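Comments concern the structure below.
The values are calculated or read from the model by the stated rules, or taken from the named source; none is laboratory data. Treat the numbers as computed from the prediction; the structure is a model and nothing was measured. As a convention, Cβ positions derive from the backbone with ideal geometry for all residues, glycine included, and neighbour counts pool all protein chains shown. Calculation scope for accessible area: heavy atoms of the full protein, side chains included, ligands and nucleic acids excluded. Shrake-Rupley method; radii C 1.70, N 1.55, O 1.52, S 1.80 Å.
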Amino acid sequence: MIFTGLIGLAASLILFLSHNEKSLGNRLLSLSIFSISYILLINASFLTNFYERFPFSYRALSFITFCIGPFSYLYVRTVLRQEYRLSKWDYLFFLPAVIALINRIPFFLLDTPTQLQVIHKINSNLKLVVMESEGLLPPGYLAIFRILLTLGFVVAQLVLIRKWKKRMWEKSVYIIENNKIVNWLELYSILLLIVTGK
């Protein structure tokens, strides 16, 4: 998981720094890949003693997991509609990430020995990882909300793709390059749907 996560981070960095006429789409895709790769690294870290050495870093950036859906949806939308900038309303998609960050504040305010106690308790029972009981919200709520949010965005982007294909079919417009792009977006969305469902 660590190796795959690091490869994903490297790929997302390369994609983010690439410059062309579709740079917004590339950057949104890179941010989505970064978010997924970060989840892999978080999950792998629970199998090591990383957090015991650096307790302050425990889930410090876990709010990023709430950005996978928005980044992915906006990527698909900007590619299909050939958009080059986001609207101010698009930033509301990231409100759940802000809520998740606020939820972590109680843990950040703990002293190091108490943080270590929380980490030791979780390491002794990895089922507590999913519960995320060290935040403000009731245990388990954040995990369920994260899955539903991501699934909602993935379904929304699949609907966008379907509408686009239907419109092109009705207009009898078939361009090979466009079809390849749509096929890629569809494959990407389905894979993300499968991963999220698991």
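Hey, what's the Kirkwood Rh for region 1-107 if you take every pair of different alpha carbons, in angstrom? Walk me through the numbers before you get to the answer.
On the way: mean 1/r = 0.0671 Å⁻¹.
Here the Kirkwood hydrodynamic radius works out to 14.9 Å.
Between THR112, PHE63, PHE50, whose Cα lies farthest towards the positive end of the dipole of the chain when Lys and Arg beta carbons carry +1 and Asp and Glu beta carbons carry -1, centred on the Cα centre?
Farthest towards the positive end: PHE63.
Once the other residues with Cβ under 14 Å from the Cβ of ASN103 are scored (Lys, Arg +1; Asp, Glu -1), what is the net sum?
On the way: positive: ARG59, ARG104, ARG146; negative: GLU132, GLU134.
Surrounding charge for ASN103 is +1.
Show me the helices of the chain, taken as full DSSP H stretches, that run 27 Å or more along their long axis by Cα and average -0.5 or above in Kyte-Doolittle hydropathy.
Going by DSSP H runs, the hits are 23-45, 141-170, 176-197.
For PHE16, what accessible surface area do you get with a 1.4 Å probe? Give it in Å², rounded to 10.
Near enough 70 Å² of accessible area.
What size of dipole, in debye to the nearest 20, comes out for the chain about its Cα centre when the only charges are +1 on Lys and Arg C-beta atoms and -1 on Asp and Glu C-beta atoms?
Details: 20 positive and 10 negative charges, 131 e Å.
For this selection, approximately 620 debye.
Considering every Cα-Cα pair within region 114-158, what fraction, in whole percent, is farther apart than 16 Å? Spell out each step's value before the answer.
Working: 496 of 990 pairs.
So the portion of pairs separated by more than 16 Å is 50 percent.
Jot down the radius of gyration and Dmax of region 65-181, Cα atoms only, both in angstrom.
Reported Rg and Dmax, both Å: 20.1, 66.
Specify which labelled value, from (i) 18.9, 71; (ii) 15.0, 49; (iii) 18.9, 66, agrees with Rg and Dmax of the Cα atoms in Å derived from the coordinates of the model shown.
(iii)
So, counting K/R as plus one and D/E as minus one, what does the shell of residues with Cβ under 12 Å around SER87 add up to? Walk me through the intermediate numbers first.
Details: positive: ARG77, ARG81, ARG85, LYS88; negative: GLU83, ASP90.
So the environment of SER87 carries a net charge of +2.
Which net charge results when you count Lys and Arg as +1 and Asp and Glu as -1 among the other residues whose beta-carbon is under 13 Å from that of LEU128? Before the final figure, lay out the partial values.
Working: positive: ARG59, LYS121, LYS127; negative: GLU132, GLU134.
Neighbour charge sum, excluding LEU128 itself: +1.
So what is the accessible area of region 74-157 per residue, in Å², with the probe set to 1.4 Å? Present the calculation step by step, with values, prior to reporting the outcome.
Details: 5090 Å² over 84 residues.
Each residue of region 74-157 exposes 61 Å² on average to a 1.4 Å probe.
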